[in-house]
There are 2 protein chains.
Amino acid sequence: MKKVYNFSAGPAILPREAMEAGSRACLEFQGMGMSLLEISHRSKEYEAVVADACAIVKELLGVPDGYKVLFLQGGASLQFAMVPMNLLGENETAAYLNSGVWADKAIKEAKLFGSVNVVASSKDANYTFIPKDYAVPADAQYFHVTSNNTIYGTQLQRFPESPVPLVSDMSSDIFSRPVDVSKFGLIYAGAQKNMGIAGTTLVIIREDWLGKNKRKLPSMLDYKVHADNDSMYNTPPAFAIYMALETLKWVKAQGGVQAMQKRNEEKAALLYGEIDRNPSFKGTCAVEDRSRMNITFVMNKPELEGAFLKEAEAAGLSGLKGHRSVGGFRASVYNAMGLDGVQALVDVMRNFDQKNS
Amino acid sequence: MKKVYNFSAGPAILPREAMEAGSRACLEFQGMGMSLLEISHRSKEYEAVVADACAIVKELLGVPDGYKVLFLQGGASLQFAMVPMNLLGENETAAYLNSGVWADKAIKEAKLFGSVNVVASSKDANYTFIPKDYAVPADAQYFHVTSNNTIYGTQLQRFPESPVPLVSDMSSDIFSRPVDVSKFGLIYAGAQKNMGIAGTTLVIIREDWLGKNKRKLPSMLDYKVHADNDSMYNTPPAFAIYMALETLKWVKAQGGVQAMQKRNEEKAALLYGEIDRNPSFKGTCAVEDRSRMNITFVMNKPELEGAFLKEAEAAGLSGLKGHRSVGGFRASVYNAMGLDGVQALVDVMRNFDQKNS
């Protein structure tokens, strides 16, 4: 079968090694004579999976002491609500940066629980850039930022200075580069981009923020309950956590997040270089905010976009259609995408331009 | 490798066919040249998985018109909170039957949102029976019952008559027998017993109950949001839903829930027959409430329990240790367990008794 390059925004390309490990574990796990899918989450074999997954997260990101690593369910969308539910009192304020539709949804959920100060927004410009000049109030409980905006192809190149701890949705670029975790009170990320499959959500939280707010919470929505039970308050999404472990083992084997950063910069340089050079294409967002994970571009002659997409698909390039709110194309080049996939895309762009100009 | 019989309470034994389908899908899905783990949840191939999973649930349970089938995350434990959050107003009352620790947890969560009337409880008897003489108030919003109590080995043989719609946690016996869905306002079940792997939760809800309560809810905790988006409000737990589909396809191929009921009655008759016949063993709960899913028993000489467990494990019988609050043994004989597994257990019980009496 022809090689397919998967440029989907998420669920997304995973390391082949991780998918093969998952496939084997579906049949037999660690000589138990049973599948990983059917063993008790209280077995010593499975408890080691969760412990190893937490340990590799800490190792890869250099998580300092005083933080708890959790694997939860519900995606980033549930975190939009859990963050303010746990961290924002009714009479308190949290600061939010509105840099995309996911940030906007996080803001909407936070308003159910307390005061929200949107320090800046690029909504009126269809989120084509990340706002930079703003002040974060010193009395805010936290400052929420989205590290990478999957739909618009923008990314925080540096996390902002803030008088209060950052909370960040890193769903679409976690483990793609080093991060100074000590600046954050809480980091969350749905797994289905750089970290494995849909069905689990990573949360890294300052231990002194557990039980921060005195609101009465349902057990499953209380970070402290999950922390006290090491992510095993109830049956965890066992296979999804295993896939996170296998994916992160691959990241480590490649050289960790430093190596990922180099790999991602090389891919981005190749593709943005072609977008800027090729007369048929152009980028969609502010150059200084360009994402290294989701690379968005359109054609100078929009009427050719259908034909280009067809040629790309014929060449085995899958998932390139842009989000409806931006149009054109989006090449998601997460950690597991190799330079060869980006080169294959660049080749199709060159050929298409030569034929059509 | 020696055949292992998996008697775990959950995650639990699954049909071999489902695990093999899962293993293959990890590598390649439907000729796409990609793994199921990495394709977009918006692809037509994956959207068909969710649609097929909803359709087979409706078919197997005979779900009438006017109900919505949802696949959510968070397990039954999150439903303990979502049910009252969505269905119980602050000044309203819901009725609950306390037949086990999971019912008790559901009651605790419901109290955060409204008035709870516990119509009966067997807590003081360590839940060794299911209470039967009680009245359900006609002004209750719903009457919540746990259909099967995994820990104690009790099961509702018939669902109670009730002046108000039932809400039922069917996590550990759904699809094990026919159910008259029209008596229920809402049914929920974590998937990891009869329905697949941990990581997704089935909810079947009366459509006229969507948006029933006017409380302001976070989007991810609002049944109406999930119903309006056909379980795709955010990225669903894609692999877990696929495993539910494959597990339910197996149930259908065996003859549906009627065939499962017959199979489960045969297994239960064989094992309870041995427990009652064998002088070394005895059951732990009221005979009329005995579960066909989780069969609990102890030894008349408790000092022999360690030795019996060892012999059982040596014979390839895994997961038989009873829950700490009951002690002894628990044989979980969900749909996918065959009569051969139960026979293997009965053989070990006979041999052990003969050697030790």
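Listed by position, the helices (runs of 4 or more DSSP H) inside segment B:252-357 whose residues that are within 14 Å of chain A (Cβ to nearest Cβ) and free of Cβ contacts under 8 Å to residues at least 24 places away in the same chain number at least 1 are B:305-314.
Flag: B:L87 does not match the condition of being more than 30 Å from B:T284 (Cβ to Cβ) and either within 16 Å of the chain's Cα centre (by Cα) or of a type in the set (F, W, Y) (or both). Just need a number here: residues in segment B:42-61 that are within 9 Å of another protein chain (Cβ to nearest Cβ) and under 28 Å from the mean Cα position of the chain (by Cα). Selection size over segment B:42-61: 1.
Exactly one residue out of B:V69, B:V57, B:V63 is hydrophobic (A, V, I, L, M, F, W, C), in contact (Cβ under 8 Å) with a residue 12 or more places away in the chain and part of a helix (DSSP H, G or I): that is B:V57. Taking the stated definitions as given, is A:E28 surrounded by fewer than 24 Cβ atoms within 10 Å (Cβ to Cβ) and more than 9 Å from chain B (Cβ to nearest Cβ)? No.
Filter segment A:207-228 for residues that are outside any helix (DSSP H, G or I) and either acidic (D, E) or within 11 Å of another protein chain (Cβ to nearest Cβ) (or both) and give the result. Across segment A:207-228, the qualifying residues are A:R215, A:K216, A:L217, A:P218, A:D222. Report whether or not B:S23 is polar (S, T, N, Q) and surrounded by 20 or more Cβ atoms within 10 Å (Cβ to Cβ). Against the criterion (polar (S, T, N, Q) and surrounded by 20 or more Cβ atoms within 10 Å (Cβ to Cβ)), B:S23 does not qualify. Based on this model, can you work out whether A:N213 counts as within 21 Å of B:A238 (Cβ to Cβ), in contact with a Leu (Cβ under 9 Å, 6 or more places away or on another chain), in the same structural domain as A:N126 (by TED's automatic domain parsing) and of a type outside the set (S, T, Y)? For A:N213, the condition - within 21 Å of B:A238 (Cβ to Cβ), in contact with a Leu (Cβ under 9 Å, 6 or more places away or on another chain), in the same structural domain as A:N126 (by TED's automatic domain parsing) and of a type outside the set (S, T, Y) - is not met. Please verify whether segment B:23-36 includes one or more residues that are farther than 29 Å from A:T150 by Cβ and either in contact with a Ser or Thr (Cβ under 9 Å, 6 or more places away or on another chain) or of a type in the set (S, T, N, Q) (or both). Yes, that holds for at least one residue. For A:S115, all conditions in the list (1) in contact with a Pro (Cβ under 9 Å, 6 or more places away or on another chain); (2) over 19 Å from A:H323 (Cβ atoms); (3) of a type in the set (S, T, Y) hold save one; what is the number of the exception? So the condition that A:S115 fails would be (1).
If you check A:D104, A:D133, A:D124 for being at pLDDT below 95 and of a type in the set (D, E, K, R), only one passes: A:D133.
When B:S121, B:S147, B:S168 are checked against the criterion of being polar (S, T, N, Q) and over 13 Å from the mean Cα position of the chain (by Cα), a single residue qualifies: B:S121. Looking only at residues in segment B:229-239 that are in contact (Cβ under 8 Å) with a residue 60 or more places away in the chain and within 14 Å of chain A (Cβ to nearest Cβ), the one that is nearest to B:E20 (Cα to Cα) is B:F239. Are any of the residues in segment A:63-71 away from chain B (no Cβ under 14 Å) and closer than 30 Å to A:C285 by Cβ? No, because not a single residue in segment A:63-71 is away from chain B (no Cβ under 14 Å) and closer than 30 Å to A:C285 by Cβ.
Just to be sure before I move on: is B:D104 outside the structural domain of B:G283 (by TED's automatic domain parsing), of a type outside the set (A, V, I, L, M, F, W, C) and in a helix (DSSP H, G or I) in the structure I sent? Judged against the criteria, B:D104 is a match.
Would you mention how many residues in segment B:93-118 are in contact with a Leu (Cβ under 7 Å, 6 or more places away or on another chain) and over 14 Å from B:S147 (Cβ atoms)?
The number of residues fulfilling the criteria is 4.
Before we move on, is A:L88 within 7 Å of chain B (Cβ to nearest Cβ) and either within 22 Å of A:D222 (Cβ to Cβ) or not small (G, A, S) (or both)? Here the answer is no, as A:L88 does not meet what is asked. Applying the set (1) polar (S, T, N, Q); (2) surrounded by fewer than 21 Cβ atoms within 10 Å (Cβ to Cβ); (3) under 20 Å from the mean Cα position of the chain (by Cα) to A:S332 leaves exactly one unmet item: (2).
When segment A:175-198 is limited to residues that are in contact with a strand residue (DSSP E or B) (Cβ under 8 Å, 6 or more places away or on another chain) and among the basic types (K, R), the one that is nearest to the other protein chains (Cβ to nearest Cβ) turns out to be A:K193.
A Cβ distance below 6 Å, combined with a sequence gap of six or more or placement on separate chains, defines the contacts here; from segment A:75-101, residues that are more than 15 Å from A:K224 (Cα to Cα) reach residues that are at pLDDT below 95 in the pairs A:G89/A:N213.
Here B:D52, B:D104 are screened, and the one residue that is without any contact (Cβ under 8 Å) to a residue 24 or more places away in the chain and within 21 Å of B:L202 (Cα to Cα) is B:D104.
Among the conditions (1) assigned to a loop (DSSP other than H, G, I, E, B); (2) facing chain A (nearest Cβ under 7 Å); (3) over 19 Å from the mean Cα position of the chain (by Cα), B:G10 misses just one, which is (3). All told, B:V179 falls short of being outside the structural domain of B:C285 (by TED's automatic domain parsing), touching a Phe, Trp or Tyr at 6+ places or on another chain (Cβ under 7 Å) and either among the hydrophobic types (A, V, I, L, M, F, W, C) or outside any loop (DSSP other than H, G, I, E, B) (or both). The number of residues in segment A:131-171 being closer than 19 Å to A:V63 by Cα, polar (S, T, N, Q) and part of a loop (DSSP other than H, G, I, E, B) comes to 2. With respect to (1) surrounded by 21 or more Cβ atoms within 10 Å (Cβ to Cβ); (2) within 22 Å of A:S176 (Cα to Cα); (3) within 13 Å of chain B (Cβ to nearest Cβ); (4) in contact with a helix residue (DSSP H, G or I) (Cβ under 9 Å, 6 or more places away or on another chain), the lone exception for A:I39 is condition (2). All conditions but one from (1) assigned by TED's automatic domain parsing to the domain that holds B:V203; (2) under 30 Å from B:G328 (Cβ atoms); (3) aromatic (F, W, Y) apply to B:F281; the one that does not is (1).
The condition (being touching a Ser or Thr at 6+ places or on another chain (Cβ under 8 Å) and buried (at least 16 other Cβ atoms within 10 Å of the Cβ)) is satisfied by just one residue among B:Y272, B:Y242, B:Y233: B:Y233.
The values are calculated or read from the model by the stated rules, or taken from the named source; none is laboratory data. As the structure is a prediction and not an experimental result, all values here were calculated from the model. Every residue, glycine among them, receives a Cβ derived from its backbone with ideal geometry; neighbour counts consider all protein chains shown.
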